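> Mind having a look at this structure? Questions to follow.
The values are calculated or read from the model by the stated rules, or taken from the named source; none is laboratory data. Just so we're clear, the structure is a prediction, and the values are computed from it rather than from any experiment. All Cβ positions, even for glycine, are placed from backbone atoms using ideal geometry, and neighbour counts span all protein chains on display. Only protein heavy atoms, including side chains, enter the accessible area calculation; ligands, DNA and RNA are left aside. Shrake-Rupley method; radii C 1.70, N 1.55, O 1.52, S 1.80 Å.
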Amino acid sequence: MNLISKKDLLAITGISYGQLYRWKRERLIPEEWFIKQSAYTGQETFFPREQILSRIQSILDMKDKYSLEELARMLSPQNTATSIKWDDLYEIEEIDTELINELKNLTGSEECSFMGVIFIAAISMSAGKLGLNNNRCADIVSRSIPALRKLKGDNIVCSIIDTGNEYHTVFTQGSAQVLFDEDVEVIEQLSLSEIADRIKLKYKGRLAL
Amino acid sequence: MQDYSVEGIGKLSGGEYRNLRVEGVGECTDDIKAEDIRVEGVFNCSGSLEAGYFSCEGVAEIRSDIRAKRLDVEGVLTSRGGKIEADEIYCEGVIKANGEISAEVLRAEGCINASEIVGDRITINYHRTWTKIIRMCRRERSNIRVIEATSIELSGVTADTVNGKDVIIGPDCIIQNLDCSGTLSIDGSSQVYNITGTYTRA
């Protein structure tokens, strides 16, 4: 995991110790992101780099528009609607409309779990880079839906792996590291929690997020 | 929500109250939440405690998290295993905590023994006096492993690590490692062994 020290974090973002700990008390920054490691000066705190930088940027962007309580409600994974209608997904510009059409036909259900929506947005945004057409994206999503229904909480990462003839997904939560044998290639890692924060903040009030 | 008062010996199984008073000996076996909690006797709680205002003028021991808007300690508050979180903490008595104490503002004139104090403005001025409460601390200085805040003012404190923007080390402190990114002043009677950071001497 790519980590950033607390000192570097404060220097890069320009926030104070007071702000960092205020946001932790308000549950805007999850406690699990404060990773304590021993250092020559005793003990030092590190954070998962991408997640903390993205979270602090979101808070800085939104803190003048919303109270800390409102922000905490928006960013808390516990306070999210459990399912969203497929037709509401057309509002999310990060998701290709053709992909939604494919998924509506493929799954036969009317709703999708919140983490499912986030995964669809994540894979839709990465489709170009991964060379996936909507057909293959829909296939990966439909195979991942049962696992996505079980995912709740923070710090969820999706690894897309290539086993030689098929792409598969592996979902991990927390700081767990998954290692594969050498025939498996990890072609993309998507932080679903980070994407969830961005989508929730962007579409607040427009969708049941 | 109802009010509850323990004047003799009483046992609570947790729950939500408006005002909770403990003037005798009270025990709580689960999480408790109240707008206003005042302990003037002895109170032991094995769950978490959440309050708008929590005042401890007696002796309280909480075995899980304490969360309050304002916390006043004039007696002895012991936190075992949990953390203490408050917007404002004022301590004239003794706080013993083996978890993190996090507050926007912490002002202490009593004694604090804690593993970690973090927040925005931390002021600890511990002058050993011979009042009954402070004698219970039995230490020459407040003892804190890590203190980290935007602005820090200390006297009579022993600490392993002090990290802050503006730091004033007053008299009678022993600090192993200090990192400061703003202004720093150190009283001549205090010992600070390692100083790092881009500070300017005040």
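> For the stretch B:18-36, which residues satisfy the criterion of being touching an Asp or Glu at 6+ places or on another chain (Cβ under 9 Å), assigned to a strand (DSSP E or B) and open to solvent by less than 20 Å² (accessible area, probe 1.4 Å)?
Those that are touching an Asp or Glu at 6+ places or on another chain (Cβ under 9 Å), assigned to a strand (DSSP E or B) and open to solvent by less than 20 Å² (accessible area, probe 1.4 Å): B:Leu20, B:Val22, B:Ile32, B:Ala34.
> State whether one or more residues within the stretch A:80-97 are away from chain B (no Cβ under 14 Å), farther than 22 Å from B:Thr150 by Cα, open to solvent by 10 Å² or more (accessible area, probe 1.4 Å) and small (Gly, Ala, Ser).
Yes, because at least one residue in the stretch A:80-97 is away from chain B (no Cβ under 14 Å), farther than 22 Å from B:Thr150 by Cα, open to solvent by 10 Å² or more (accessible area, probe 1.4 Å) and small (Gly, Ala, Ser).
> Also, I was wondering about something else. If A:Leu28 meets every condition in (1) in contact (Cβ under 8 Å) with a residue 60 or more places away in the chain; (2) among the aliphatic types (A, V, I, L, M); (3) within 14 Å of chain B (Cβ to nearest Cβ) apart from one, which number is that one?
(1)
> Picking from A:Ser159, A:Ser144, A:Ser193, which residue would you name as being touching an Asp or Glu at 6+ places or on another chain (Cβ under 6 Å), of a type outside the set (D, E, K, R) and open to solvent by less than 20 Å² (accessible area, probe 1.4 Å)?
A:Ser193
> Okay, moving on. Does A:Leu9 satisfy the condition of being within 14 Å of another protein chain (Cβ to nearest Cβ), in contact with a Lys or Arg (Cβ under 9 Å, 6 or more places away or on another chain) and more than 21 Å from B:Val146 (Cβ to Cβ)?
no
> Please go through the stretch B:175-194 and pick out each residue that is more than 14 Å from chain A (Cβ to nearest Cβ), open to solvent by less than 30 Å² (accessible area, probe 1.4 Å) and either part of a loop (DSSP other than H, G, I, E, B) or within 17 Å of A:Lys6 (Cα to Cα) (or both).
B:Ser190
> Sticking with this one: Which residue pairs have Cβ atoms closer than 8 Å, lie 6 or more positions apart in sequence or on different chains, and pair a first residue in the stretch A:2-22 that is more than 20 Å from A:Asp61 (Cβ to Cβ) with a second residue that is assigned to a helix (DSSP H, G or I) and open to solvent by 10 Å² or more (accessible area, probe 1.4 Å)?
A:Asn2/A:Arg49; A:Asn2/A:Glu50; A:Leu3/A:Arg49; A:Tyr17/A:Leu10
> State whether one or more residues within the stretch A:163-170 are out of contact with any Cys (no Cβ under 9 Å at 6 or more places or on another chain) and within 25 Å of A:Met74 (Cα to Cα).
No - not one qualifying residue is present in the stretch A:163-170.
> Between a first residue in the stretch B:145-174 that is at the interface with chain A (Cβ under 8 Å from one of its Cβ atoms) and a second residue that is outside any strand (DSSP E or B) and open to solvent by less than 10 Å² (accessible area, probe 1.4 Å), which pairs have beta carbons less than 6 Å apart while being 6 or more apart in sequence or on different chains?
Pairs that qualify, where the first residue is at the interface with chain A (Cβ under 8 Å from one of its Cβ atoms) and the partner is outside any strand (DSSP E or B) and open to solvent by less than 10 Å² (accessible area, probe 1.4 Å), are B:Thr150/A:Gly18.
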